[in-house]
Amino acid sequence: MVHGAGGYFTKLGLPPEKGGFANDPVLGLVENLGIHGTALSVAKVYVGILAATILFIATNAGVIGASRITYSMASYRQLPEIFRRLHPTFKTPWLSLIVFAGLISIAVLLPGQTTFLGDMYAFGAMLSFTIAHAAIVALRVKERVGEPGYRVRPNVRIRGVDWPVFAILGGLGTAAAWIVVVVQKPGPRWAGLGWLVFGLIAYFFYRRRLGVGVTETTRLPLPVGRAIALEYRNILVPVVGGPESEEAMDVACRLATERRSSIAALRVIELPLELPADARLDEQEGRADEQLDEARAIGDSYGVDVATRLVRSRKAGRAIVDEATRRQSEIIVMGSPRGGRRAGKEIFGDTVDFVLKHAPCRVMVAASRKAA
């Protein structure tokens with residue numbers, strides 16, 4: 001720290017002509033570690049290489065991440081569909097990479113306004129982190145009656161909601177930092193806010209042209225072809241026991257290993273109409289738990305985590321469709337006995353037929369290797 005007009009300043013923020021290290025803060029840290037001679041020379045080279053490597057990795061992650069974000073936005077009809085096209089060989093969103101990780105990155109660097117770009121990065125990063133923290137809080141409120149998942153501690157339970165302490169404190173901190181950038185940096189203030197306004201207006205007219213509501217969540221159909229497995233990140237597998245369920249779990253696990261997708265194994269106990277909804281079904285529930293354990297064991301053999309769920313319903317098909325809707329599943333993998341159409345009967349059972357007609361996502365029917 002050095003004393004200047006109006007207060008103290010760190011040398012890391014001063015330009016080189018004033019004896020500072022604004023252009024190379026890492027070098028400033030090394031030179032003030034208290035080491036000299038050969039050790040200082042070696043430390044300068046080592047830390048310089050280390051810093052350059054870290055910056056390269058961070059830049060690569062940030063730039064490449066833009067293509068993933070735009071690909072996801074295109075999948076949910078927030079950007080034109082062309083940005084979700086995958087390369088036939090590499091299975092990557094090649095157009096998003098070229099436009100957002102290539103052309104735009106080069107365009108913003110050409111003017112050489114590095115200070116402005118740094119301030120813009122702070123504007124966008126603090127706003128993004130604030131929204132992410134707010135989303136965690138919103139999910140806790142929305143899923144207060146849902147099944148519990150992994151939740152980072154500590155939490156404060158108020159009115160049935162587990163309020164995440166770190167998300168609230170983090171959101172307040174990043175929001176305050178974003179406000180500081182907006183207030184103190186006029187360039188990023190108008191450029192950032194203007195870009196947000198432009199994006200919202202473009203989004204409004206784009207959704208209007210598609211005939212989709214601005215607040216409606218809608219997803220494009222999954223592409224057909226070899227790249228289709230890359231889309232399955234949330235797989236639902238109804239379990240009934242026997243070789244059919246084993247084959248369905250085997251297929252789902254092979255799909256999940258492509259992208260470390262999540263699998264939910266669902267066992268539905270159909271309640272007869274003459275029984276009340278809270279009737280004791282100890283024997284049926286015991287068998288259902290064993291079947292779910294078997295499904296989890298198949299997942300373990302593939303190295304895939306399988307979440308299990310046991311529900312009661314008057315109609316298994318409706319329960320499966322409702323669960324797929326609640327989980328926003330991208331595919332339902334169901335087992336069915338191997339065999340052809342017989343006289344007066346459908347190829348599949350009533351449950352499979354109902355799911356095929358009413359499912360909110362793709363349905364894959366896996367025939368068991370063993371004859372029914």
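What residue, among those in segment 78-104 that are surrounded by 13 or more Cβ atoms within 10 Å (Cβ to Cβ) and polar (S, T, N, Q), is farthest from residue 218 (Cα to Cα)?
92
Could you tell me which of the residues 202, 167, 177 is closer than 29 Å to residue 75 by Cα and surrounded by 15 or more Cβ atoms within 10 Å (Cβ to Cβ)?
Criteria check complete, one pass: 167.
Can you find a residue that is among the charged types (D, E, K, R), touching a Lys or Arg at 6+ places or on another chain (Cβ under 9 Å) and closer than 26 Å to residue 361 by Cβ anywhere in segment 90-110?
Yes; the residues of segment 90-110 include at least one that is among the charged types (D, E, K, R), touching a Lys or Arg at 6+ places or on another chain (Cβ under 9 Å) and closer than 26 Å to residue 361 by Cβ.
Taking segment 226-242, which residues are modelled with pLDDT of 85 or more and over 16 Å from the mean Cα position of the chain (by Cα)?
236, 237, 238, 239, 240
Checking residue 60 against (1) surrounded by 14 or more Cβ atoms within 10 Å (Cβ to Cβ); (2) more than 26 Å from residue 218 (Cβ to Cβ); (3) not acidic (Asp, Glu), which single condition isn't satisfied?
Answer for residue 60: the failing condition is (1).
If I go through segment 12-24 residue by residue, how many of them are assigned to a helix (DSSP H, G or I) and of a type in the set (D, E, K, R)?
Residues flagged as assigned to a helix (DSSP H, G or I) and of a type in the set (D, E, K, R) within segment 12-24 amount to 2.
What's the total number of residues in segment 195-212 that are outside any helix (DSSP H, G or I) and of a type in the set (Lys, Arg)?
0
Does residue 122 satisfy the condition of being at pLDDT 85 or above and farther than 17 Å from residue 195 by Cα?
Against the criterion (at pLDDT 85 or above and farther than 17 Å from residue 195 by Cα), residue 122 does not qualify.
Results for (1) crowded, with 19+ Cβ neighbours inside 10 Å; (2) modelled with pLDDT of 90 or more; (3) part of a helix (DSSP H, G or I), shown as yes or no for each residue.
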position	(1), (2), (3)
283	no, no, yes
292	yes, yes, yes
332	yes, yes, no
335	yes, no, no
347	no, no, no
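Can you pull out every residue in segment 239-280 that is of a type in the set (Lys, Arg) and within 15 Å of residue 295 (Cα to Cα)?
Of everything in segment 239-280, those that are of a type in the set (Lys, Arg) and within 15 Å of residue 295 (Cα to Cα) turn out to be 254, 267.
Residue-by-condition table, conditions (1) modelled with pLDDT of 90 or more; (2) touching a helix residue (DSSP H, G or I) at 6+ places or on another chain (Cβ under 9 Å):
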site: 141; (1), (2): no, no
site: 145; (1), (2): no, no
site: 163; (1), (2): no, yes
site: 183; (1), (2): yes, yes
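For segment 294-330, what are the residues that are assigned to a loop (DSSP other than H, G, I, E, B) and either among the basic types (Lys, Arg) or in contact with a helix residue (DSSP H, G or I) (Cβ under 9 Å, 6 or more places away or on another chain) (or both)?
303, 304, 305, 314, 315, 329, 330
The values are calculated or read from the model by the stated rules, or taken from the named source; none is laboratory data. The model shown is predicted, which means the values in this text are computed figures rather than measured ones. Using ideal geometry, Cβ is built from the backbone for each residue, glycine included, and neighbour counts are taken over all protein chains shown.
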